[in-house]
Every structure is written in C-alpha cells, then in structure tokens.
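So the structure is just underneath, and the comments pick up after that.
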Amino acid sequence: MNSLFNTDDYSKIMSRIEKLPHNAPALWGKMDVSQMLAHCNGAMKVAIGDVKLKRLFIGKLIGKMAKKGFLSEKPLGKNSPTAKSFIITDQREFEKEKTELLALVKRFHEGGEAKATRHPHSFFGEFTPAEWGTSQWKHLDHHLRQFNA
C-alpha cells in the first residue's frame, strides 16, 4: 500500500507536484490547478493536525463502512465527493499554493507516524497514523492524476 511515510512514495509524489505546470488543464472536476493545490493543502493540514474538523453526521452513519474501500489499492474515482470545507471556488495563486503543498507534504513525511494527527477523519472516523499516510498519498495521487501529473 502506498503511503507518504514510505520514502519512495513520498519522493515520487513530491516530483509530480514539482513538475505540475501552472496551466495544467483538469481532466475532470470543477477546480483549476491552483484551486486543487489549495484543496490539497487543506487536507494536509488536517492530517498534520493543524486543522481539526468535526465529524460529519453522514460520516458517523456510513463512514466506517466506506473506510475499507477508501483505503484499498483501488484509486479514487473521478468526481469523488468533497467535504464542503475543502471546496475551493475563489482564485488562488499557483506558486504560493504549490510551495505550501510541497512544504506540508515534506513536514508530514518527515514527522512520520509519530506526528500524524490522532484526531478522527471528519467522514471516516478513527484513523491510525499509517491510515493517514495512505489516505494522504491516495488523495494527492487522485488530484495529480486529475491534472495529468
């Protein structure tokens, strides 16, 4: 299973982010590339523990059942649902968002499992540090594929 705590997986994700051009067209979805980077920054801040979100009611109902599929080897599907707090509609500065994402991913990787949040995922509920590493890799991979990176 891929994880941002695995050095090889981390290096490959970082390289894909670094090579991402400011004018990359989306293959699906509503966000432009700068908005996608800001969206990913928000998710990384949750995984690091800088931002703590409340559990969503729907997550309390079905999150535990959906967690296994989310953490499986299968890539996330196009147009997967997004929590309202991570929907970015305003214009963002590409280089600023890209630089911030690279720094957050590096911080998450270097902190290792010991520094991953212990706060529950807002939809899926309890996550181990290893599950945070896998979920963040899958999320970034999903959005990098969205922009053909």
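The values are calculated or read from the model by the stated rules, or taken from the named source; none is laboratory data. Keep in mind it's a predicted model, so treat the numbers as computed, not measured. Heads up, the Cβs are rebuilt from the backbone with ideal geometry, glycines too, and the neighbour counts pull from every protein chain shown.
Note on the range 1-34: residues that are in a loop (DSSP other than H, G, I, E, B) and within 17 Å of the chain's Cα centre (by Cα) total 13.
Could you please let me know if D9 is surrounded by fewer than 20 Cβ atoms within 10 Å (Cβ to Cβ), under 16 Å from S135 (Cβ atoms) and modelled with pLDDT of 95 or more? So that I can check it myself, show each step before the final result.
On the way: surrounded by fewer than 20 Cβ atoms within 10 Å (Cβ to Cβ): yes; under 16 Å from S135 (Cβ atoms): yes; modelled with pLDDT of 95 or more: yes.
Criteria met by D9.
Among residues belonging to the range 74-92 that are among the polar types (S, T, N, Q) and assigned to a loop (DSSP other than H, G, I, E, B), point out the one that is farthest from the chain's Cα centre (by Cα). My answer is Q91. Picking from residues in the range 35-73 that are among the basic types (K, R) and not in a loop (DSSP other than H, G, I, E, B), the one that is surrounded by the fewest Cβ atoms within 10 Å (Cβ to Cβ) is K68. Within the range 123-140, if we keep just the residues that are buried (at least 18 other Cβ atoms within 10 Å of the Cβ) and among the small types (G, A, S), the residue that is nearest to the chain's Cα centre (by Cα) turns out to be S135.
Given the condition of a type in the set (G, A, S), within 30 Å of H22 (Cβ to Cβ) and at pLDDT 95 or above, answer yes or no: does some residue in the range 99-116 qualify? For the range 99-116, residues of a type in the set (G, A, S), within 30 Å of H22 (Cβ to Cβ) and at pLDDT 95 or above: present. Tell me, yes or no, whether the range 98-114 has at least one residue that is outside any loop (DSSP other than H, G, I, E, B), under 15 Å from the mean Cα position of the chain (by Cα), surrounded by 13 or more Cβ atoms within 10 Å (Cβ to Cβ) and aromatic (F, W, Y). Yes, the conditions are met somewhere in the range 98-114. Of all residues in the range 12-48, those that are small (G, A, S), at pLDDT 95 or above and touching a Lys or Arg at 6+ places or on another chain (Cβ under 8 Å) total 2.
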